[in-house]
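Here is the structure we will look at.
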Amino acid sequence: MGNGWPIYANILLREKSVPKINRRDFLKAGTAITTAVACPGIVTSMELELGGSDFHQIRTFHPRERNPYLCTMCPYFDGGFTYGEAGRIMKVEGNPDHIASRGKFCSKGLASFFSAVDPDRILAPLKRVGARGEGKWEEISWEQAIKEVSEKVEQAMKVGADTVCLNEGAFKETGTIRFMDTIGSRSVVRSRFPSVSSTTKQMVLKKALGVDFVLPDLEHTKYVLSFGGNILETAFPLAQRLTDGIVNNRLKLVTFDVRLSNTAGKSNEWIPVFPGSDGIVAMTMANVIMQEGLADTGFIDRWTNLSSKALAKGLAKYTPAIAEQASGVPAESIRRIAIEFASEKSGAIFTQNGISYHQNSVDNEMACFLLSVITGNIDNKGGNCLPRQFDIASFKPVPAKKGSVVRKLNHSFPFEVKEGSRKVQVLFNHMSNPVYSSPASSVWREVLKDESQIPFIVDFSPFMSETSELADIILPDVVATERDDVASSPTALLPWASMTIPGVKPQGKVQDVRITLKKIIEALDPDGTRGMKKYWDFANTREWVKKEVEATRGLEDGYKKLKSSGVWPDYGKIDLTTRQIMNKGQPITGEYNTYTKSGFKTASGKIEIKIPVWTPNPRHAQMQPNEFVLSTFKVAYHTNSMTSNLKYLSEIWHSNPLWINKQTAAKLGIGDGGLVRVTSDAGYMVTKAWLTQGIHPQVVGMSTSVGRSAYGRVAQADPDAELAFPGSGQQNDPDIDENIWWRDTGINPNDIIPISLDPETGVQTWNDTVVTVTPAEAGDQYGDIKADNDRHFAIYKKMLGKV
Amino acid sequence: MGYALTTMAESSVVIANAFHHVAWGTPISVYFWLVGASAGSFVISSFGWVFGIKRYKPLAMTASLQAIVLLLIVPILLIWDLGKPVRFIYLMLPGYWHSTGPMAWGSLLIFSYPISMIVYVWFVMKNDLFWAKTTGIIAIVLAISTHWYTGVVMELNPGRFINHTALAPLLFLTGAFISGIGLLILILWVQNMIVAVKKRIDWSLMEEMAQYMMYGIVFDCFLLFLEFMQTFYGNQHELEGHETVLMGIFRFPYLWLELVIGLIIPFFILVSPLKRNKYGIILASFLVAIGVYGMRVWWVMGGQYMQTFF
Amino acid sequence: MASDNNKKSSSENGKTETKNHRRTYGIQTPGTKGIAGTKRYAMVVDLRKCIGCMSCVVACKSEFGVPLGVWRTWVKVSDKGTYPNTKRMFMPRLCNHCDYPVCVRNCPTQATFKHKDGFVLQRYNRCIGCRTCIVACPYNARHILPAKRSDKNLPYEVVDKCTFCFHRVKKGLVPACVQACVGGARIFGDLNDPKSEIARIVAGETVTVLKPELGTQPSVFYIGADWEMMDETHSYNNRTVQLKQEFNDFKRNHVVDGYGDIVEGESTMRQVGKNMGDFLNSIPHKASEVVKAFKKLLFE
Ligand SMILES: Nc1nc2c(c(=O)[nH]1)N[C@H]1C(S)=C(S)[C@@H](COP(=O)(O)OP(=O)(O)OC[C@H]3O[C@@H](n4cnc5c(=O)[nH]c(N)nc54)[C@H](O)[C@@H]3O)O[C@H]1N2
Ligand SMILES: Nc1nc2c(c(=O)[nH]1)N[C@H]1C(S)=C(S)[C@@H](COP(=O)(O)OP(=O)(O)OC[C@H]3O[C@@H](n4cnc5c(=O)[nH]c(N)nc54)[C@H](O)[C@@H]3O)O[C@H]1N2
Ligand code: SF4
Ligand code: SF4
Ligand code: SF4
Ligand code: SF4
Ligand code: SF4
Ligand SMILES: [Mo]
């Protein structure tokens, strides 16, 4: 009768003997116990460790095998550990001594290890049989796969190396760019830029500061202004510092957002703004600060290219009244917040996609950045700090061909192919899923499906994504827990690097993309005469990582330590009560005001600002009462299209009803939960409405990451579905077969979001899309999506005329 | 009015929560109903032999057999409803038995009650007045206890506002009494159609039982009224439990099935001239029997219902 | 190594301790708050710091392989106010490890018991799956495990709940959810140790517990809880339509022992009938379990 848990039974039954917890036990189990005096007057005795080891909960509390792990579910790259048992990862956790993560992983990070044992995973190279996109696959050997792919590449290179294209989505380089450089192709497009910054922010900051990110020092600040960023849902290393600041430092958090994100909901003040109008609000606040004499003119005059006078003059035209008209934010609030912000000892600004996915994004970013500059909140305690980070270097880099367009987003790619301006013979797709996540994704679907436009498509995805479904060959990559990796991210005031040492062998026949590419190169250049092979001189991926570490400035000596403990440098141990990283009894902190020594990394050594200009979006000015700006946002429990097959995440978040303001909905006759038709310039979709008090009356919102038409049984909440490809289902999960209880999996809006690129940056202006919302019509079914690709194309053409 | 509406702050709405099941569901409600009907009919069966009301002696056999049969279904329901049916034996193993758990006593009762009934029936068959009476007394105590404890099981959950009342066992017993009689009348009616004329039970006895049933209905209504008073004048949880759960999701079993179909209509039948009508009595008996099932449904599931959102 | 530990700890216990232990899962247990020589592990959830990231939920689920549709801990989310003065609130929930646990009192087989260091624990091998404790718990902290789960060596069709991560705490680690808590909202420790962080907080801050009027003496304390979120009736009456629809999906598709779910908006009695059908459907499976158990008993 004891179905497999007799040991636990014994432990509890033998008591007498309910195990007693005594000091000796944990002294033995834990590593050294740090005794630390945190703050005066408080004697701490948090006698429990915050992590660093793990045990099986039933089988006699067996310790689990620990290996360093680096989460690549988002560009924050938090460091942690995997805990394994009998060749299987049982869980992952943050590394408590890691200066950035401090042992905290977000839900996506914690669930990430499930990708490895996902029963819907692709475990062997697949070749399409039947028509493209038909969903019929056969397993082929790696030899055959490499042979077929390299032959196609060879053929394409005869036409021109640039006809070999790469669509890249990885948060960091994993060999694909090196591959393109090696074969001499410049055709790289990206679905995202490898950085924690939003694309526009990177561009603006690069010009102004010489770096592409600023780190708000949230732990020490007294005031936080967040414009269009969602710290508590998309930036977890910062989020944990924000909560510390809220309670320990009593900071004030003011969030500008079009809807009530978790961050907005937890803020002291949520200020709903009209989409794209953050810029004028920030400009106005800057103006108020200058006018009120609260600006740090000394800093401006010494460290920027403009004089404070010139700046004040340039900003003078942005009065609160004008800003109120454009943004809907009461003039009085703008004034008050500006004065509050500038009067505090320190203040930090956070901006993200909410302001940078607009036509006027460059000015929006510059305006928000100005707020830190004029208050002198640059690289000071509690202000916006310069990033401290190791730039993981490419070892023995391939000299890139002139004009390599690595920094180009992929949004117009299918249009270019369709109109014939871009010739593609072979398309490689890596860590990207444009058929789901790019604008006009229905056009992507059409173009990728058409063999005459793209003859050969290779995907490296470990999962059957919407894009992989249209590939000719799938060369399954390893997932994060199986990949040798090193990374760094500017999330702390001191630089750090973390590493993954896989504790388990990859499942099935999957192969790291770097090895796959190496084999393709070897097939192309077997004897090294073409000069390709020499760039692929590494035995395995661990060696690759070692070479990267040794080539990285400041990290040269870190490999050994990284390999053993996963993080470097070793700054100290976490304090059990204050959760600060401590060294010799002192919490470690970064150095501030680093620029005073050598200036900023710009040509002039100063901050190069430009007085921003306010240009309202003309389309928004003409909106009708049933027209709304559609805002598509990320949630804390998913990363784009990577996580929806992870059962614990999809259980939390699996559907995306349309957020609509309660009062507005009442006017339009839309009921809570009722079906609505959302029509854009390129088509319509039918979804459910969620009436809420948490959204601007002229905005409707929808989360991304759900609404999957592929990716697996969990993502589609279809436990009975048959897998279309062989070589999978190695370990079926009865939990997935039997216990998936949700059925609503939401809708993907990208089919009807037309392309609309910001002329200055080439970034899709996701948050500008205008849609009409009406109650559903007769015959409309939940989930109907109708996109008109001709309209999409016409919109593209019109846009080109403007750019 | 319009002014009041616009300035009134909206109270919070729950936008995400975990979901919980109602842990005791239909099988348990059926079981409560059967146990009740069994106890009720057994009480009737004892009238003749235990309390010496002679004219009830002829139906003692049918009544106790009905009680036994109903009770035979009970453990099957209960055991299969366990997550681990094999382990039902733990309920009675000395090392496992937990004196503070009402379920632990209940399981003893459920097993001893049918045994005592069988012994009693055996003496009835042997026509042994003394032993029939003695075992009958034991059996009737057990019968009442068996049903009383089902009320207690529900009552001792301080978090379940609808159930957490000392009236619970009484309500259960009254329901048991009337549904037992109702079912017995139905069975005797069928039996009369089958057996020889000589062995038929006299209808005047049915009429008399129907009158007992009527008194039971009155008492049940009184208890329900007390319950109603408590929920209505009690705290907000009780009031809302009554308003939104009983009158909402359980409106049919509560208001229609139990109150109207199960109590009010039979009551009027039984006080009207129809009480002398064979078919009137049969109809009333039928309505009472199913009405009590309505009570078992809302009582068992309704009490847990609201909390599944907490 | 671990089993060695157990032996040692039991021999270290000595006689008086042993007696103490028996009491902890016999009749109603005496509380451990303020009792010298015992620990009383407790948790404070500082809602000012809770950001609704659900790391705790995923950490707990991974730690124990908790099946879909049941939770040892979860986070309730609610929106408050009218546009534009809207706030969002999060409230993590878990077993309160009550000092006066109704669940322990009502369990007929002593399968659930109070450990003398404050934990309320389950003995899966004793649990018969009668779910009395689920009905008894005023906090929904318990669940019955579904018949199918990822690791078939782990218990199923018995009742489970949060263990306060007994296995980790015993080894000197904080519970998994505390480890993972991004906001740093969850704080864990021994309330009986006046020097501990948690004792300081409970003594010094304004803390509340859920349903204090029931006298269950919870060991989970909240800082900054909103009364509406703490209120059962309020939650019932103020759910979004979406949540109702989700819950209905849950009731339709997640069938576990119990068979008492009523899908809202459908006929109650038809649901009752469907429940009975589900119950009857479960009998073949259960019968095979019984056969399996007897085979094991007789032939192994
Ligand atoms: N959990 C999670 N974290 C992630 C990711 C993920 O997928 N999931 N992805 C990573 C990646 S690739 C990125 S780029 C970042 C993105 O991180 P964020 O930029 O923080 O995320 P978004 O949801 O795209 O947008 C942020 C907010 O902008 C709001 N918004 C929209 N329009 C406007 C506007 O006009 N004005 C203002 N003020 N706000 C507006 C939206 O309502 C939304 O709440 O997150 C990274 N981190
Ligand atoms: N409507 C709307 N659309 C958006 C956004 C929005 O806010 N609204 N946000 C945009 C933003 S900011 C971004 S960054 C993009 C992101 O969009 P993409 O760059 O396309 O990235 P993902 O959607 O995350 O797709 C990643 C794919 O990589 C594959 N993959 C997953 N894990 C692995 C792995 O371990 N190895 C390999 N080789 N492959 C893997 C899977 O097939 C997965 O689908 O989406 C954009 N799309
Ligand atoms: S914040 Fe990003 S890097 Fe950190 S655990 Fe979450 S997904 Fe991983
Ligand atoms: S919360 Fe519920 S399960 Fe936990 S100890 Fe209290 S009564 Fe028992
Ligand atoms: S389900 Fe298990 S733990 Fe709960 S009361 Fe029944 S036997 Fe006890
Ligand atoms: S203490 Fe352990 S079992 Fe309880 S909720 Fe936290 S992680 Fe889950
Ligand atoms: S992990 Fe912590 S901050 Fe996140 S939801 Fe749970 S309790 Fe709240
Ligand atoms: Mo992104």
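Look at segment C:52-70: where a residue is farther than 18 Å from A:Asn739 by Cβ and a partner is within 16 Å of ligand 4 (Cβ to nearest atom) and among the polar types (S, T, N, Q), sitting 6+ places away or on another chain with Cβ atoms under 6 Å, you get C:Cys56/C:Thr73.
The single condition among (1) within 30 Å of A:Asp733 (Cα to Cα); (2) within 14 Å of the chain's Cα centre (by Cα) that C:Met43 does not meet is (1). Considering only residues that are touching a Gly at 6+ places or on another chain (Cβ under 8 Å), under 20 Å from A:Lys634 (Cβ atoms) and either facing chain C (nearest Cβ under 9 Å) or open to solvent by 10 Å² or more (accessible area, probe 1.4 Å) (or both), which ones fall in segment A:241-258? Within segment A:241-258, A:Thr243, A:Asp257, A:Val258 qualify. Scan segment C:23-74 for residues that are at pLDDT below 95, buried (at least 24 other Cβ atoms within 10 Å of the Cβ) and within 13 Å of chain B (Cβ to nearest Cβ) and the total you get is 1. Picking from residues in segment A:62-80 that are crowded, with 22+ Cβ neighbours inside 10 Å and within 11 Å of another protein chain (Cβ to nearest Cβ), the one that is farthest from ligand 5 (Cβ to nearest atom) is A:Asp78.
Residue check: B:Leu93 meets all listed conditions (1) within 14 Å of chain C (Cβ to nearest Cβ); (2) in a helix (DSSP H, G or I) but one, namely (2).
Only residues that are more than 9 Å from chain A (Cβ to nearest Cβ), open to solvent by less than 10 Å² (accessible area, probe 1.4 Å) and more than 10 Å from ligand 4 (Cβ to nearest atom) were counted in segment C:80-116, giving 5.
Take segment C:150-184 and flag every residue that is small (Gly, Ala, Ser) and facing another protein chain (nearest Cβ under 7 Å).
C:Ser150, C:Gly172, C:Ala180, C:Gly183, C:Gly184 - these are the residues of segment C:150-184 that are small (Gly, Ala, Ser) and facing another protein chain (nearest Cβ under 7 Å).
Here A:Pro734 passes the criteria (1) touching a residue at least 12 places away in the same chain (Cβ under 8 Å); (2) touching a Ser or Thr at 6+ places or on another chain (Cβ under 8 Å) except the one numbered (1). Screening A:Pro612 on (1) of a type outside the set (Gly, Ala, Ser); (2) open to solvent by less than 10 Å² (accessible area, probe 1.4 Å); (3) in contact with a Ser or Thr (Cβ under 7 Å, 6 or more places away or on another chain) shows it passes everything except condition (3). Checking every residue in segment A:532-542 against the condition of being over 22 Å from A:Gln144 (Cβ atoms) and either buried (at least 22 other Cβ atoms within 10 Å of the Cβ) or under 26 Å from the mean Cα position of the chain (by Cα) (or both) gives at least one match.
Is it fair to say C:Val77 is within 24 Å of B:His21 (Cα to Cα), touching a Phe, Trp or Tyr at 6+ places or on another chain (Cβ under 9 Å), more than 7 Å from every other protein chain (Cβ to nearest Cβ) and within 16 Å of ligand 7 (Cβ to nearest atom)? So that I can check it myself, show each step before the final result.
Working: within 24 Å of B:His21 (Cα to Cα): yes; touching a Phe, Trp or Tyr at 6+ places or on another chain (Cβ under 9 Å): yes; more than 7 Å from every other protein chain (Cβ to nearest Cβ): no; within 16 Å of ligand 7 (Cβ to nearest atom): yes.
Criteria not met by C:Val77.
When B:Asp220, B:Asp202 are checked against the criterion of being surrounded by 19 or more Cβ atoms within 10 Å (Cβ to Cβ) and either more than 14 Å from chain C (Cβ to nearest Cβ) or closer than 30 Å to B:Gly48 by Cβ (or both), B:Asp220 stands alone in meeting it. Counting only helices (runs of 4 or more DSSP H) wholly contained in segment A:177-270, the ones carrying 3 or more residues that are without any contact (Cβ under 8 Å) to a residue 40 or more places away in the chain occupy A:236-248.
Out of all the residues in segment C:239-248, is one or more touching a Phe, Trp or Tyr at 6+ places or on another chain (Cβ under 9 Å), among the hydrophobic types (A, V, I, L, M, F, W, C), open to solvent by 30 Å² or more (accessible area, probe 1.4 Å) and at pLDDT below 95? Yes, some residue in segment C:239-248 is touching a Phe, Trp or Tyr at 6+ places or on another chain (Cβ under 9 Å), among the hydrophobic types (A, V, I, L, M, F, W, C), open to solvent by 30 Å² or more (accessible area, probe 1.4 Å) and at pLDDT below 95. Among the residues making up segment C:127-149, a single one is more than 8 Å from chain B (Cβ to nearest Cβ) and free of Cβ contacts under 8 Å to residues at least 40 places away in the same chain: C:Cys133.
Of all residues in segment C:256-288, those satisfying the criterion of being open to solvent by less than 80 Å² (accessible area, probe 1.4 Å), more than 7 Å from chain B (Cβ to nearest Cβ) and assigned to a helix (DSSP H, G or I) are C:Gln271, C:Gly273, C:Gly277, C:Asp278, C:Ser282, C:His285, C:Ala287, C:Ser288. Just one of the listed residues (A:Thr182, A:Thr176) is more than 16 Å from ligand 8 (Cβ to nearest atom), among the polar types (S, T, N, Q), out of contact with any Ser or Thr (no Cβ under 8 Å at 6 or more places or on another chain) and over 23 Å from A:Pro414 (Cβ atoms), namely A:Thr182.
Matching residues to (1) within 16 Å of ligand 2 (Cβ to nearest atom); (2) modelled with pLDDT of 95 or more:
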site: A:Phe193; (1), (2): yes, no
site: A:Ala208; (1), (2): no, yes
site: A:Asp217; (1), (2): no, yes
site: A:Thr221; (1), (2): no, yes
site: A:Val224; (1), (2): no, yes
site: A:Asn230; (1), (2): yes, yes
site: A:Gln240; (1), (2): no, yes
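For segment C:220-243, the tally of residues that are touching a strand residue (DSSP E or B) at 6+ places or on another chain (Cβ under 6 Å) and not in a helix (DSSP H, G or I) stands at 9.
Can you confirm whether C:Lys170 is more than 24 Å from B:Gln307 (Cα to Cα), of a type in the set (Lys, Arg) and away from ligand 8 (no atom under 16 Å from the Cβ)? Spelling it out, C:Lys170 is indeed more than 24 Å from B:Gln307 (Cα to Cα), of a type in the set (Lys, Arg) and away from ligand 8 (no atom under 16 Å from the Cβ). Each residue in segment A:53-103 was checked for being more than 16 Å from ligand 6 (Cβ to nearest atom) and over 23 Å from A:Ala636 (Cα atoms), and 15 pass. Would you check if A:Asp278 is open to solvent by 10 Å² or more (accessible area, probe 1.4 Å) and of a type in the set (D, E, K, R)? Criteria not met by A:Asp278. For segment C:185-219, a residue qualifies if it is part of a loop (DSSP other than H, G, I, E, B) and away from chain A (no Cβ under 14 Å), and the qualifying residues are C:Val209, C:Leu210, C:Lys211, C:Gly215, C:Thr216, C:Gln217, C:Pro218, C:Ser219. Applying the condition of being among the β-branched types (Val, Ile, Thr) and under 17 Å from A:Ser150 (Cα atoms) to segment A:491-522 and asking which residue is surrounded by the fewest Cβ atoms within 10 Å (Cβ to Cβ) yields A:Ile515.
Any residue in segment B:55-71 that is out of contact with any Cys (no Cβ under 7 Å at 6 or more places or on another chain) and within 14 Å of chain C (Cβ to nearest Cβ)? No; the residues of segment B:55-71 include none that is out of contact with any Cys (no Cβ under 7 Å at 6 or more places or on another chain) and within 14 Å of chain C (Cβ to nearest Cβ).
The values are calculated or read from the model by the stated rules, or taken from the named source; none is laboratory data. Just so it is clear, the structure is predicted and the values come from calculations on it, not from any experiment. Reconstructed Cβ throughout: ideal geometry from the backbone, glycine too, with neighbour counts over all protein chains shown. Side chains included, ligands, DNA and RNA excluded: accessible areas come from the protein's heavy atoms. Shrake-Rupley method; radii C 1.70, N 1.55, O 1.52, S 1.80 Å.
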